[in-house]
């Protein structure tokens, strides 16, 4: 059965209002007990904003979620191509581990990892070049001199 957005909103509003009315009725003894220790205004404020208002919001959201019927996700027959860019500057100590980790991904579409050596002064580019034969999806772009991460990724 199809319900318009307006109808769903009204149903959520009615359910949340009924829940709020029940909450107010059930919290009457809290108001009396708390009013004995504070002022009635503070008691109303505390109970209202700790229990009543959040209760209304939760009832509204839960009803909306219960009424929401999402269409089934289509089964993808083609996956988009993905390129993962790694801007690397003096990453000698971690570039090999980073590349190995990225190559463990299980993505059904076409993908590649592009390491952009941003003018490193260590062995980052050399270590990446050593990995190229091992990983056909790996590419290396060697920039000179260092231009910063934003420059490397653009």
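Could you check the range 32-52 and list, in sequence order, the residues that are without any contact (Cβ under 8 Å) to a residue 12 or more places away in the chain and touching a helix residue (DSSP H, G or I) at 6+ places or on another chain (Cβ under 6 Å)? Listed by number, the list holds a single entry, 35. Just one of the numbered conditions (1) within 26 Å of residue 80 (Cβ to Cβ); (2) in contact with a helix residue (DSSP H, G or I) (Cβ under 6 Å, 6 or more places away or on another chain); (3) modelled with pLDDT under 95 is not true of residue 142: (1). Considering 21, 16, the condition of being more than 30 Å from residue 152 (Cβ to Cβ) and in contact (Cβ under 8 Å) with a residue 40 or more places away in the chain is satisfied by 16 alone.
Only one of the numbered conditions (1) farther than 30 Å from residue 120 by Cα; (2) exposed (fewer than 14 other Cβ atoms within 10 Å of the Cβ) is violated by residue 27, and that is (2).
The values are calculated or read from the model by the stated rules, or taken from the named source; none is laboratory data. A quick note: this is a predicted structure, and the numbers were derived from the prediction, not measured. Cβ: placed from backbone, ideal geometry, glycine included. Neighbour counts: every protein chain shown.
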